[in-house]
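The values are calculated or read from the model by the stated rules, or taken from the named source; none is laboratory data. Computed from a predicted structure; not experimentally measured. So basically every Cβ, Gly included, is an ideal-geometry build from the backbone, and we count neighbours across all protein chains shown. To get the accessible areas, we keep the full protein, side chains included, count just its heavy atoms, and leave off ligands, DNA and RNA. Shrake-Rupley method; radii C 1.70, N 1.55, O 1.52, S 1.80 Å.
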Amino acid sequence: QVLRLLSCFGTQIDAALLQVLERFQSGIISAIDPFVEQGILDKAGGVIIFTHDLIQQEVYDGIPKDERNTLQLNIGQFLGGLEPLVIGMDLLQLDGPTLYTGRRSMTSSLISLACDQ
């Protein structure tokens, strides 16, 4: 599950974002070390990296499409629900569908707030 979650962010994920994601799925940080020992992930300069692009792509492609869509939606909704002070734009460096989902979720949240005013 951890590799699946990480694969949604591309080949690397910032350690600071990983700490935020710990609130989304408890145990992510502690689950990384075994993958580092196995050579699947690496830690370098505050970034967690898949050791090869093909590993990340295989993990990502191995998630059934319905599950992947649900996971990305849940990630986007979680990140979209956070206060901007918790996640700055420099920290939020997502790619592809996850970024789109996050932006869409944030837009929906802002529209909901505006309608409630």
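Odds and ends about this structure:
- Residues that are in a helix (DSSP H, G or I), in contact with a helix residue (DSSP H, G or I) (Cβ under 9 Å, 6 or more places away or on another chain), among the hydrophobic types (A, V, I, L, M, F, W, C) and at pLDDT 55 or above do not occur anywhere in segment 90-100.
- Among residues of segment 1-28, those that are modelled with pLDDT of 90 or more, open to solvent by 20 Å² or more (accessible area, probe 1.4 Å) and either in contact with an Asp or Glu (Cβ under 7 Å, 6 or more places away or on another chain) or of a type in the set (D, E, K, R) (or both), counted: 2
- Residues of segment 15-34 classified as under 24 Å from ASN69 (Cβ atoms) and of a type outside the set (Val, Ile, Thr), total: 10
- Segment 60-86 - residue that is more than 18 Å from ILE13 (Cβ to Cβ) and modelled with pLDDT under 80 and, of those, nearest to the chain's Cα centre (by Cα): GLY81
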